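Here's the structure, in structure tokens; my notes come after.
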Amino acid sequence: MPIKSYLAHPHEGKKMELLKTISEIKECDVIPAQNKDVLIVVTETNSRVEEDVLKEQLETIPSLKLLAMVSGFNSPKSN
């Protein structure tokens with residue numbers, strides 16, 4: 001199950017709009033930085049295909065300027 005973390009940089013003045021939009025995506029947890037105009041986004045999906053679809057969805061958000069992956073790993077499903 002892929003788990004990745006990103007720094008999401010909003011367009012100027014769009015931090016709260018970006019926060020609201022990403023918060024509505026069930027595969028995402030989002031935390032706003034208190035001292036910078038950036039959001040921390042953690043994603044968890046069930047497969048690489050779902051992760052690719054989610055990343056494309058994130059990258060099409062109009063208030064998003066830049067999405068930078070910080071770390072990622074894939075843990076195998078337990079039987």
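The values are calculated or read from the model by the stated rules, or taken from the named source; none is laboratory data. Here the structure is a predicted model, which is why all the values come from computation and not from measurement. Reconstructed Cβ throughout: ideal geometry from the backbone, glycine too, with neighbour counts over all protein chains shown.
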In the range 27-46, how many residues are outside any loop (DSSP other than H, G, I, E, B) and in contact with a Leu (Cβ under 9 Å, 6 or more places away or on another chain)?
-> 8
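Residues of the range 13-40 being farther than 20 Å from Lys55 by Cβ and touching a Lys or Arg at 6+ places or on another chain (Cβ under 8 Å), which ones?
First, the residues of the range 13-40 that are farther than 20 Å from Lys55 by Cβ: 13, 15-16, 32-37.
Pro32, Asp37, listed by residue number.
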A careful count of residues in the range 1-19 that are in a helix (DSSP H, G or I) and acidic (Asp, Glu) gives 1
Condition test on Ile22, is it assigned to a loop (DSSP other than H, G, I, E, B), at pLDDT 95 or above and surrounded by 15 or more Cβ atoms within 10 Å (Cβ to Cβ)?
-> no
With criteria (1) touching a strand residue (DSSP E or B) at 6+ places or on another chain (Cβ under 8 Å); (2) at pLDDT 95 or above; (3) surrounded by fewer than 16 Cβ atoms within 10 Å (Cβ to Cβ), Glu59 comes up short on (2)
Test each condition in (1) in a loop (DSSP other than H, G, I, E, B); (2) at pLDDT below 95 for Val49 and report the one that comes out false.
-> (1)
Restricting the range 36-54 to residues that are aliphatic (A, V, I, L, M) and under 15 Å from the mean Cα position of the chain (by Cα), which is surrounded by the most Cβ atoms within 10 Å (Cβ to Cβ)?
-> Val41
Could you list all residues from the range 12-26 that are closer than 23 Å to Pro2 by Cα and either touching an Asp or Glu at 6+ places or on another chain (Cβ under 6 Å) or in contact (Cβ under 8 Å) with a residue 40 or more places away in the chain (or both)?
-> Leu18, Thr21
Residues of the range 27-49 being out of contact with any strand residue (DSSP E or B) (no Cβ under 7 Å at 6 or more places or on another chain) and touching a residue at least 24 places away in the same chain (Cβ under 8 Å), which ones?
-> Asn46, Ser47
